[in-house]
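Below: one structure, written as structure tokens.
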Amino acid sequence: MLITAFGIILESGLGPGVAAQRYTGAPVMVGGNQTLEVTIDDKSKEKSLPEQTTVPAERVRELEGVDGVQRVIGEVGFPAHVVTGQDDPAAAADGRTSLGHNWSAAALTPYDLREGAPPARPGEVVLDAELAEAAGVPVGGRVAVMTTGAVQRYRLTGIAEMREAEDTPRQATLFFSDAEAGEIAGRGGAVDAVGLLARPDTDPDELAERVEERLEGTGLVVYSGDDRGSLEFHDVAGARGDLTELSGALGGVVIMIAVMVVSSTLALTVHQRRRELALLRAVAATPKQIYRMIAGEALIISVVASVIGCLPGVLAAQVLRWALTLVGVVPEDFEFSYGPVPMLVAVAICVLAAELAAWGVARKAVAIKPIEALGDSATETPKLGGARTGIGIFLFLLGTCASLLPLFFGSIFAVAGAGSGALIMVISILLLGPPVVTAATKLLAGRVRNWFGVHGFLAVANILANSRRLATGIGPLVLAIGFASVQLFIPTTTAAAAEDEATDGTLSNYTITSSTGGISPTAVEDVLAAEGVEAATAVVRTQLYASTSLLDSPEVFDYQVQGVSPAGLERNLDLGVTSGSVRDLGRDTVAISGGAASTLGVSTGQPIQLHYPDGTHARPTVAAIYDRGLGFGDVTVPLDTLREHSSRVLDDTILVRSTPGADGEALTARLQDLAKRYPGLEVLDETGLSAAQQEQASASTFTSAIPLMLVFGYIAIAVANTLVMTTLSRVREFALLRLVGMTSGQVLRMMRAEASTAVVIAVVIGSLVPLLPLVTVSIGLTGSPIPSIPLWMYLGIVGLTSLVGFLSIMLPAKLALRSRPVDAIGLRE
């Protein structure tokens, strides 16, 4: 089920996601290269660029000479909002992005001019029908529009309407004259995309091939068909990258868990049939025949179960899509791909896992001599084989060493290593289950006997005599708690550290944001001119990449970068500089976090290899290293430098520091008055900023938790399956106890003591194993040994796991006691 679900996520990340809307008028589109390629010693690594790249003006002219092209049209886009009489952006009400475009690009779109005339000169605009209705302005009237500056009055020359409007377009559209659109966009002649209109006798596919030949070696990309949506909507391209990353990050873990669950279940099944297999051996069945029998059974069961599991996998993928849409990871109109490939791959993986598990358990089954197996009692020794014990101890030590990495290294590798170390330690506990259960039971024996009396005495004796059987059931419980703790509490610790750093490092009294998605670059000057303002710092946050060489191969890391206006920076932000000074920030210098410096192996005064959002390679010098990278991003550059290499034309926030003794209420009112010039501005004081940071941290944690809920649910099902099988295999044992004088109620009380002991052992071990990596990660990130573990979240994990474990023992036990003991004693094991 889970493999199918994550396969669908991977396939969806590779698919188009959203069909083109604005580019439906052009069969072939050309856009910038959205892939960053880093090469070191003939070895390359690729990453998707976080922002849309542009097409140079000379390439637009070059495309005019391609055979079959009737017309070549360059398009530019930029933020543009219609402002209503209430000083509110009209498109913000329905949540749509609002963009302005050059009028000539209307030929690429499904828009026709319903009434009026095209914009021919600066100060004229055409609105789509929805915006025009929201603005309530007739053709020829004046409409307030905000682009990258303050609000201006435009003359509405026309209204455009989609030819076939089945759904509301995901973007509100304003059309400006070509000259004004180019000036507002500020691309320097470059365009965001190029549309090619084909001649009537030209096949679109053939045209696309000719364009690709013409552009070979330029780095530009040709889009046609459904792929045009990725060029039109950059958020779709980002969502596709996020889905691919999510499937890659958790897909391997899911497969590992699936293999462990299948192996554990099959091993338990074969273990319960050990006397049957020994009897077959005794009547001349060869080891090869035993192998083939178990493998054949595993093949039939795995094929049937895998095929049946594909449907729940599709449903799980739909649930994931809904949840990821809810938290904004993917757009609401992003379509998942439900092709047959993920299902076929999932079936193949499950069958292969079952066959490998069958080979392993069959090998163990045929290793025992038939006579010894026939004479073996149902009671087992907890002693493990030397190989299993050695592997278990080795994995535990390996996981412990990996968990300690954050104490010695501040790089991202250390945190990732600690997380992996926790999972390795959990696996080692599964291998060392019987002796661990025995030792834990001996520690709890006294209390269990005191709490449950004679029934506790029987439960302890039963556990000690059959620790291997109980370890099989406790193992998945430990896995569920340990896996959930690592995957949830490392993100919560990171989010809490980021929130604390942002709070401690923000010295400003006010933070200005905008509901329109950005603030005009001219707004910071107006803020600085307001009476009572000592310093104002504009901030733009986006992503970039840094690369280095590791073992003669390129390693590329994505970091959050903040572009800041240097004036007054130290009065608004305290980055926690430990080396160098942010005063040295300039065109060829940057400041980076200590974690990034450790990962990349650089210090102040040394060059660093950066790759800006537009793909530009740069080698600036490290001017400063600071501690608060989680709160403010791992890279800090001058705002002008970032704008040169980014499509972000608006500021994200403006940090405002008031002069000593300034009237707070009066200053707040003056800052809020700026919304008349820049509609959508919101002024947050220190309390409002803290609440916004907490909301962002909660959203980040919830985003991390969504896919883990499905994995945790799958583990819970595995827990229930294993414990039910283990309990139902004890029908004859329960019958014997009842024949020697115990009542059904006494047997249930004994099982209640046994189940409680098993759950307590699982909770304690499952909580203690991931504690070491959580503590070291917390020390590495915050300096404090106390990780951020939300109590409600921990209690939810433990409570749900305990409930599943307890009921999975008690309900089958109650069911097993329905048969008469004289009948049940004769049943096969």
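The values are calculated or read from the model by the stated rules, or taken from the named source; none is laboratory data. Everything numeric in this text was worked out from a predicted model, so none of it was measured. Quick reminder, even Gly has a Cβ in these numbers, built from the backbone with ideal geometry, and neighbours come from all protein chains shown.
Tabulated results
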| quantity | calculated |
| --- | --- |
| Restricting region 234-245 to residues that are touching a helix residue (DSSP H, G or I) at 6+ places or on another chain (Cβ under 9 Å) and at pLDDT 75 or above, the residue that is surrounded by the most Cβ atoms within 10 Å (Cβ to Cβ) | L243 |
| Test: residue in region 271-280 that is under 14 Å from A362 (Cβ atoms), at pLDDT 75 or above and under 38 Å from the mean Cα position of the chain (by Cα) | no |
| Lone qualifier among G252, G296, G248, G241 - being free of Cβ contacts under 8 Å to residues at least 12 places away in the same chain, closer than 26 Å to G7 by Cβ and outside the structural domain of A172 (by TED's automatic domain parsing) | G252 |
| Pairs, first assigned by TED's automatic domain parsing to the domain that holds A535 in region 659-675, second part of a helix (DSSP H, G or I), C-beta under 9 Å, six or more apart | T659/L667; L671/V527; L674/A523; L674/D526; L674/V527 |
| Checklist (1) surrounded by fewer than 22 Cβ atoms within 10 Å (Cβ to Cβ); (2) at pLDDT 80 or above; (3) in contact with a Pro (Cβ under 9 Å, 6 or more places away or on another chain); (4) farther than 24 Å from S808 by Cα applied to G421, failing item | (1) |
| Positions within region 665-703 being modelled with pLDDT under 70 and crowded, with 17+ Cβ neighbours inside 10 Å, in sequence order | L689, Q693, A697, S700, T701, T703 |
| Answer from D574, D588, D614 - the residue that is in the same structural domain as S549 (by TED's automatic domain parsing) and under 28 Å from the mean Cα position of the chain (by Cα) | D614 |
| Top-ranked residue in region 429-486 [being at negative phi and not in a helix (DSSP H, G or I); ranked as modelled with the lowest pLDDT] | N466 |
| Subset of region 105-145 (residues that are of a type in the set (G, A, S) and at negative phi) | A105, A106, A107, A117, A120, A129, A132, A134, A135, G141, A144 |
| A132 more than 26 Å from L231 (Cα to Cα) and of a type in the set (A, V, I, L, M, F, W, C) | yes |
| Test: residue in region 217-228 that is free of Cβ contacts under 8 Å to residues at least 60 places away in the same chain and farther than 30 Å from G328 by Cβ | yes |
| Qualifying positions in region 726-779 - under 30 Å from Y794 (Cβ atoms), among the small types (G, A, S) and surrounded by fewer than 20 Cβ atoms within 10 Å (Cβ to Cβ) | S767 |
| Output for region 157-206, where each listed residue is in contact with a Phe, Trp or Tyr (Cβ under 7 Å, 6 or more places away or on another chain), over 19 Å from S98 (Cβ atoms) and not charged (D, E, K, R) | G195 |
| Verdict on L131 being under 23 Å from S647 (Cβ atoms) and not in a loop (DSSP other than H, G, I, E, B) | yes |
